[in-house]
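Have a look at the structure below before the remarks.
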Amino acid sequence: MVALVRALGLHKPDATPCGQPISVGEAQALLEIARQPGISQNGLVRHLQLDKSTVSRIVGMLERREWIERVRDQSDTRLYRLRLTRLGVKANNNLAKSRREKFERVFSALPERKRNAVAASLSILVEAIRES
């Protein structure tokens, strides 16, 4: 596991595994907001499985970069909905492209006959981590 974390660069707090100069947490938040436009900050806490304070810090950073905006919920004015800005869409697209290219290179480096087994093993590993 340690070798996997290091190989992916997950031990580097200021860059994603695909080499983008933002934290993994920020990249994951951006991805989730893109997948679920209008997600609340509490919804983001649940999806990212991070503390509220950590998500609040991440949201603040994304807002300072002008990648997201907080919009007050129409029916519940206590809530803010998170949406990507034009710059956020561009940043998310760049991240998605980098991520796709990185993992295409990784999988193309695997022997073709073992690719399905590796993908299945990763699914099993993720499930085991979630259950523990």
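The values are calculated or read from the model by the stated rules, or taken from the named source; none is laboratory data. In this text the structure is predicted, and so the values were computed from the model without any measurement. FYI the Cβ positions are ideal-geometry reconstructions off the backbone, even for glycines, and counts take in every protein chain you see. The protein model used for the area step is the full one, side chains on, heavy atoms only, and it has no ligands, DNA or RNA in it. Shrake-Rupley method; radii C 1.70, N 1.55, O 1.52, S 1.80 Å.
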(request) Can you tell me which residue within the stretch 39-84, out of those that are in contact with a Leu (Cβ under 7 Å, 6 or more places away or on another chain) and acidic (Asp, Glu), is farthest from Ala27 (Cα to Cα)? (result) Asp73
(request) For Leu87, state whether it is modelled with pLDDT of 90 or more and under 21 Å from the mean Cα position of the chain (by Cα). (result) yes
(message) Give me the residue from the stretch 32-53 that is open to solvent by 40 Å² or more (accessible area, probe 1.4 Å) and not in a loop (DSSP other than H, G, I, E, B) and, out of that set, nearest to Ala96 (Cα to Cα).
(response) Arg35
(message) Anything in the stretch 94-106 that is loosely packed, with under 15 Cβ neighbours inside 10 Å and within 17 Å of the chain's Cα centre (by Cα)? List them, or say none.
(response) Asn94, Lys97, Arg100, Glu101, Phe103
(request) May I ask you to list the residues in the stretch 14-31 that are of a type in the set (Asp, Glu) and surrounded by fewer than 17 Cβ atoms within 10 Å (Cβ to Cβ)? (result) Asp14
(request) Considering each residue of the stretch 54-68, count those that are surrounded by 15 or more Cβ atoms within 10 Å (Cβ to Cβ) and either among the hydroxyl-bearing types (Ser, Thr, Tyr) or not in a helix (DSSP H, G or I) (or both), and give that number. (result) 3
(request) Inspect all residues belonging to the stretch 69-83 and state whether any of them is modelled with pLDDT of 95 or more and within 21 Å of Cys18 (Cβ to Cβ). (result) no
(request) Provide a single number: the residues in the stretch 69-84 that are surrounded by 12 or more Cβ atoms within 10 Å (Cβ to Cβ) and not aliphatic (A, V, I, L, M). (result) 6
(message) Tell me yes or no: at least one residue of the stretch 107-122 is under 20 Å from the mean Cα position of the chain (by Cα) and open to solvent by 70 Å² or more (accessible area, probe 1.4 Å).
(response) yes
(request) Would you confirm whether any residue within the stretch 85-93 is open to solvent by 70 Å² or more (accessible area, probe 1.4 Å) and in contact with a Leu (Cβ under 8 Å, 6 or more places away or on another chain)? (result) no
